[in-house]
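Note sheet for the following structure.
The values are calculated or read from the model by the stated rules, or taken from the named source; none is laboratory data. Please read these numbers as outputs of a predicted model, since none were measured by experiment. Glycine gets a Cβ as well: all are built from the backbone with ideal geometry, and neighbour counts include every protein chain shown.
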Amino acid sequence: MKITDVTVYLAKEWRTFLFVVIDTDEGIYGLGEAGITGRELAIKGAIEHFTPQLIGQDPFRTEHIWQTLFRGGFFPAQRILTAAIAAIDIALWDIKGKALGVPIYQLLGGRVRDKVLTYNHNYGETVEELVESCQQSVEEGWKVLRWGLAHYGNDVLEPRPAVRRAVKEFQAVREGVGDDIDLCIDLHTRINLADATTFCQEVEPLHPFFVEDPLRAENPQSYRHLRTRTSAPLAIGEQYNSKWEFRQIIEEELTDYARIDLCVCGGITEAQKIAGWCETHYIDLAVHNPIGPVATSAFLQLALACSNFAVQELPRRPGESMPDVVVNQPVWEDGYLLPPEAPGLGIEFDREAIKKYPFEITELPRLHRADGTFTNW
């Protein structure tokens, strides 16, 4: 079997997406998706650079192809390139599963669980609205809930008021849904060490599942200090692009959960290695999955075969995003994704239906402090 073509599909629905289809000379195609929303044109360009290297290759040589793409430009791949590699890698695993007639999780060692726990996104302009959103989620069957650090009108985020608001939210949601529902809050790399310490210490008695990405990702050394100041479980890593970026937080056990993003960190091939490394340090996976239905299916395959897996992010349940484009999406039931039985990713891609979702360049929100200083979204 040889790769004959690589096609990039850009689309816009509830957010922007980049899908990759890899065709072979045996009529089997693979489907992948890239992360880093808002930079799709850069990733598309990277894939176009990679395409001549892929044509004629054996798609079963996933490790060889990964190494070639990551290291072949002399400069080690970083986020744009690793997102491009991720989409390609996922598609290659899809091809392998289809060719062998088995789901990808069978190629990763087989199922270690019967279903995969998920968490959703909740919203509210006020504390009361957020509590209502969370209570509605519980009624729908979700066992784990997530929301983000609030910002105010005109895209202003002031850390100390935002932290005070977030503590009140956590207290209100805990009271509103009870002790049996797990709660996660995403600080989204928006605050500094002092404010992160304050927040984590305040919510410790409320038993969070985890506090996600309180600090910016560029300097993992700072997590050494936060780790010693709080017992609140931490979840870190959604912006990391490879095993090398995960190295310090794993080896020094600076996190309780690894926020691996398959669609950023180089796909299934790389994620397996990071997951195995985490296992040696008793770190479970709480994967970052903020994008489309192809990514959801890829994460599900990994989760089913990974023993040290905790929870999968799921902002849209199967069928809520592009059901006409990505066909045969997995089943969600009572807070869990169920194992697919179809080969590969278990999904199919309609190349005509994607035309109904024309792409447009879309920037993510921009936040600033009250004094006008730019801050992370």
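Could you count how many residues in segment 31-46 are more than 20 Å from the chain's Cα centre (by Cα) and in contact (Cβ under 8 Å) with a residue 24 or more places away in the chain? I'd like the intermediate steps shown before the answer.
The first filter runs over segment 31-46 and keeps only residues more than 20 Å from the chain's Cα centre (by Cα), leaving 45-46.
Subset that is in contact (Cβ under 8 Å) with a residue 24 or more places away in the chain: 46.
Going through segment 31-46 one residue at a time, the tally reaches 1.
Of the conditions (1) crowded, with 16+ Cβ neighbours inside 10 Å; (2) more than 21 Å from residue 259 (Cβ to Cβ), residue 119 satisfies every one except a single condition; which number is it?
(2)
Counting only residues that are more than 13 Å from residue 13 (Cβ to Cβ) and without any contact (Cβ under 8 Å) to a residue 12 or more places away in the chain, how many does segment 320-354 have? Reasoning before the result, please.
Start the filter on segment 320-354 by keeping residues that are more than 13 Å from residue 13 (Cβ to Cβ), which leaves 327-352.
Now restrict to residues that are without any contact (Cβ under 8 Å) to a residue 12 or more places away in the chain: 352.
Result for segment 320-354: 1.
Residue by residue through segment 64-114, note down the ones that are under 22 Å from the mean Cα position of the chain (by Cα), of a type in the set (D, E, K, R) and exposed (fewer than 14 other Cβ atoms within 10 Å of the Cβ).
If the condition is that a residue be under 22 Å from the mean Cα position of the chain (by Cα), of a type in the set (D, E, K, R) and exposed (fewer than 14 other Cβ atoms within 10 Å of the Cβ), then 114 is the only one that fits.
Across segment 326-340, what is the total count of residues that are farther than 14 Å from residue 299 by Cα and touching a strand residue (DSSP E or B) at 6+ places or on another chain (Cβ under 7 Å)? I'd like the intermediate steps shown before the answer.
In the first step, residues of segment 326-340 are kept if they are farther than 14 Å from residue 299 by Cα; the result is 326-328, 333-335.
Imposing the further condition that a residue be touching a strand residue (DSSP E or B) at 6+ places or on another chain (Cβ under 7 Å) reduces the set to 326-328, 335.
Number of matching residues: 4.
Give the number of residues within segment 292-321 that are farther than 19 Å from residue 95 by Cα and in contact with a helix residue (DSSP H, G or I) (Cβ under 6 Å, 6 or more places away or on another chain).
Going through segment 292-321 one residue at a time, the tally reaches 5.
Out of the residues in segment 214-233 meeting the condition of being closer than 22 Å to residue 270 by Cβ and touching a residue at least 12 places away in the same chain (Cβ under 8 Å), tell me which one is surrounded by the fewest Cβ atoms within 10 Å (Cβ to Cβ).
Per the criteria, the residue is 217.
If residue 235 meets every condition in (1) at pLDDT 95 or above; (2) within 20 Å of residue 158 (Cα to Cα); (3) in contact with a strand residue (DSSP E or B) (Cβ under 7 Å, 6 or more places away or on another chain) apart from one, which number is that one?
(2)
For the subset of segment 190-209 comprising residues that are in a loop (DSSP other than H, G, I, E, B) and at pLDDT 95 or above, which member is nearest to residue 288 (Cα to Cα)? Outline the logic, then answer.
Here is the first cut: in segment 190-209, the ones in a loop (DSSP other than H, G, I, E, B) are 190-192, 207-209.
Imposing the further condition that a residue be at pLDDT 95 or above reduces the set to 207-209.
On the way: 207: 21, 208: 18, 209: 15 Å.
Per the criteria, the residue is 209.
Got a number for residues in segment 14-27 being among the acidic types (Asp, Glu) and exposed (fewer than 14 other Cβ atoms within 10 Å of the Cβ)? Give the derivation first.
Residues of segment 14-27 that are among the acidic types (Asp, Glu), as a first pass: 23, 25-26.
From the residues that got through so far, the ones that are exposed (fewer than 14 other Cβ atoms within 10 Å of the Cβ) too are 25-26.
Selection size over segment 14-27: 2.
Could you look through segment 123-170, keep only residues that are part of a loop (DSSP other than H, G, I, E, B), among the hydrophobic types (A, V, I, L, M, F, W, C) and closer than 30 Å to residue 374 by Cβ, and pick out the one that is modelled with the lowest pLDDT? Before the answer, list the steps.
Start the filter on segment 123-170 by keeping residues that are part of a loop (DSSP other than H, G, I, E, B), which leaves 123-126, 141-143, 149-151, 157-158.
Then drop every residue that is not among the hydrophobic types (A, V, I, L, M, F, W, C), which leaves 142, 149-150, 157.
Right, trim to closer than 30 Å to residue 374 by Cβ and you get 149-150, 157.
Details: 149: 92, 150: 84, 157: 91.
Among those that are part of a loop (DSSP other than H, G, I, E, B), among the hydrophobic types (A, V, I, L, M, F, W, C) and closer than 30 Å to residue 374 by Cβ, it is 150.
Could you count how many residues in segment 62-99 are within 17 Å of residue 29 (Cα to Cα) and among the β-branched types (Val, Ile, Thr)?
Adding up the residues that qualify gives 6.
Identify, from the list 203, 163, 177, 167, the residue that is within 19 Å of residue 137 (Cα to Cα) and among the aliphatic types (A, V, I, L, M).
On the way: 203 fails: within 19 Å of residue 137 (Cα to Cα); 163 fails: within 19 Å of residue 137 (Cα to Cα); 167 fails: within 19 Å of residue 137 (Cα to Cα).
Selected residue: 177, the only one of 203, 163, 177, 167 that is within 19 Å of residue 137 (Cα to Cα) and among the aliphatic types (A, V, I, L, M).
Identify, please: which residue in segment 122-153 is surrounded by 14 or more Cβ atoms within 10 Å (Cβ to Cβ), out of contact with any Gly (no Cβ under 7 Å at 6 or more places or on another chain) and among the polar types (S, T, N, Q) and is, among those, nearest to residue 334 (Cα to Cα)?
Across segment 122-153, the extreme among qualifying residues is 137.
Cβ-Cβ distance below 6 Å, separation of 6 or more or different chains: which pairs start in segment 289-302 with a residue that is part of a helix (DSSP H, G or I) and end on one that is among the charged types (D, E, K, R)?
These pairs meet every condition: 294/33; 295/33.
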